[in-house]
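Here the structure comes first, spelled out in structure tokens, and everything after it is commentary.
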Amino acid sequence: MTAWLLMLALAAPLRSGLEDMSPALQALQRDDSQNPGMLWVRQGEHLFGAQCQRCHAQPPSAKRFPALSEGKLMNLGQRINACRAPAPAWGSEAPELLALTAFLGHRERGQLVEAPKDAALQADLREGERLFRQPMGQLGLSCAQCHDGQAGRRLGGSVILQGHANGYPVYRLAWQDMGSLQRRLRGCMTGVRAEPFAADDPAWTLLELYLKQRGAGLPIEVPAVRP
Amino acid sequence: MTRAIVNIGPVRANQAFEVRTLLQHPMENGQRSDENGKRIPRRIVTEVEVRFEGELAWSAMLGPGIAANPYLAFWLSLPSEGELLIDWRGDEGFSHRERVAIRFAP
């Protein structure tokens, strides 16, 4: 059983969720005067100037995350919280954190997602991949089974996407709101009737690290729009 | 802090041009329930007014069917340069204003 699961890998060429959206939604993402995510980008720009620029003359790169920082694997949001310590950390869905991560990610829109190359991250990458392939929940489904094995086919009328993270934070029409990768993955886990990891569980960042390698070569689309 | 984005292309005297606005607002329609089954009260933008140099140029009345973070685009034609005021008003005393200085392109 495990061997079969390990054989699942993305056989098809990389495909961003953007390509599976309707022409109207693709146009919505591409038009900065309509893309609702731009509201958070503007907010982030304002917040950066007010709170971060005193140390960061230039906005730092977002695409290098998740990365090792102060000896720990951190994603961009966790790194921002570390900068702000001892101020209380922002939760993953805090409007300020979504705004800042949207602003920083947007600056690198169009550049390509890069596979993590740091040798010190290889063990974390393997753990992230293990989580991706781990059957979970009442339905005993792993991420790989749907998003590697069945990508392009349909579940209940919707196309199963390859499940890349190249557009996060993302404006999701189903949420009528901006949300983080963690929010989306929580939705996936609930969908297979699994108990989502706790908010501060390292599993989220490990998965994010693996998804970055898995989606390497796709253009960064922050802020993406998704149904 | 409420955010709004207003995009206007090049403007020339007495030539129709498009104003595109995007407002950050949850537009809670009043039909949803929270996880305890309690109805979430309605909280929407109800009217938008656009004034040019004090004169009402365009207005809209919005209902609960409008999605969150409403995008409103409309066309204007102006005889002169001047100040455009866009006012959004809604439930719970919501009010937001954007001022745009209209300058003609060559």
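Taken together, A:57, A:89 contain a single residue that is closer than 19 Å to residue A:199 by Cα, open to solvent by 20 Å² or more (accessible area, probe 1.4 Å) and either free of Cβ contacts under 8 Å to residues at least 40 places away in the same chain or in a loop (DSSP other than H, G, I, E, B) (or both), which is A:89.
The set of residues from the stretch A:164-189 being over 13 Å from residue A:204 (Cβ atoms) and under 9 Å from the mean Cα position of the chain (by Cα) comprises A:164, A:166, A:167, A:169, A:170. Condition first: in a loop (DSSP other than H, G, I, E, B) and within 14 Å of chain B (Cβ to nearest Cβ). Now tell me which residues in the stretch A:11-47 satisfy that. Of everything in the stretch A:11-47, those that are in a loop (DSSP other than H, G, I, E, B) and within 14 Å of chain B (Cβ to nearest Cβ) turn out to be A:31, A:32, A:33, A:34, A:35, A:36. When the stretch B:52-75 is filtered for residues that are more than 13 Å from chain A (Cβ to nearest Cβ) and either crowded, with 17+ Cβ neighbours inside 10 Å or among the acidic types (Asp, Glu) (or both), the ones remaining, listed by number, are B:52, B:53, B:55, B:57, B:62.
Do you know which residues across the stretch A:15-33 are surrounded by fewer than 18 Cβ atoms within 10 Å (Cβ to Cβ) and either over 28 Å from residue A:162 (Cα atoms) or not hydrophobic (A, V, I, L, M, F, W, C) (or both)? Correct list: A:15, A:19, A:22, A:23, A:26, A:30, A:31, A:32, A:33. When the stretch B:5-51 is filtered for residues that are open to solvent by 20 Å² or more (accessible area, probe 1.4 Å), of a type in the set (A, V, I, L, M, F, W, C) and in contact (Cβ under 8 Å) with a residue 40 or more places away in the chain, the ones remaining, listed by number, are B:6, B:8, B:13, B:16.
Checking residue A:72 against (1) open to solvent by 50 Å² or more (accessible area, probe 1.4 Å); (2) touching a residue at least 12 places away in the same chain (Cβ under 8 Å): exactly one of these is not met. Which one? Against the list (1) open to solvent by 50 Å² or more (accessible area, probe 1.4 Å); (2) touching a residue at least 12 places away in the same chain (Cβ under 8 Å), residue A:72 comes up short only on (2). For the stretch A:141-157, the set of residues classified as farther than 21 Å from residue A:209 by Cα and touching a residue at least 12 places away in the same chain (Cβ under 8 Å) consists of A:152 only. With respect to the conditions (1) within 14 Å of chain B (Cβ to nearest Cβ); (2) touching a residue at least 12 places away in the same chain (Cβ under 8 Å); (3) not basic (Lys, Arg), residue A:132 falls short on a single one, namely (1).
Residues that are within 14 Å of another protein chain (Cβ to nearest Cβ), assigned to a helix (DSSP H, G or I) and aromatic (Phe, Trp, Tyr) are absent from the stretch A:2-10 altogether.
Scanning the stretch A:54-110 for residues that are small (Gly, Ala, Ser), closer than 26 Å to residue A:127 by Cα and touching a strand residue (DSSP E or B) at 6+ places or on another chain (Cβ under 9 Å) turns up A:67, A:82, A:92. Scanning the stretch B:48-72 for residues that are more than 23 Å from residue A:173 (Cα to Cα) and of a type outside the set (A, V, I, L, M, F, W, C) gives B:49, B:51, B:53, B:54, B:55, B:59. Checked across the stretch A:104-116, the condition of being within 14 Å of chain B (Cβ to nearest Cβ) and touching a residue at least 40 places away in the same chain (Cβ under 8 Å) holds for at least one residue. For the stretch B:9-28, residues that are within 14 Å of chain A (Cβ to nearest Cβ), at pLDDT 95 or above and over 23 Å from residue A:96 (Cβ atoms) total 5.
The values are calculated or read from the model by the stated rules, or taken from the named source; none is laboratory data. The shown structure was predicted, so the numbers you read here are calculated from the model rather than taken from an experiment. Because the Cβ atoms are built from the backbone with ideal geometry, glycine has one as well, and the counts that use them run over all protein chains shown. Only protein heavy atoms, including side chains, enter the accessible area calculation; ligands, DNA and RNA are left aside. Shrake-Rupley method; radii C 1.70, N 1.55, O 1.52, S 1.80 Å.
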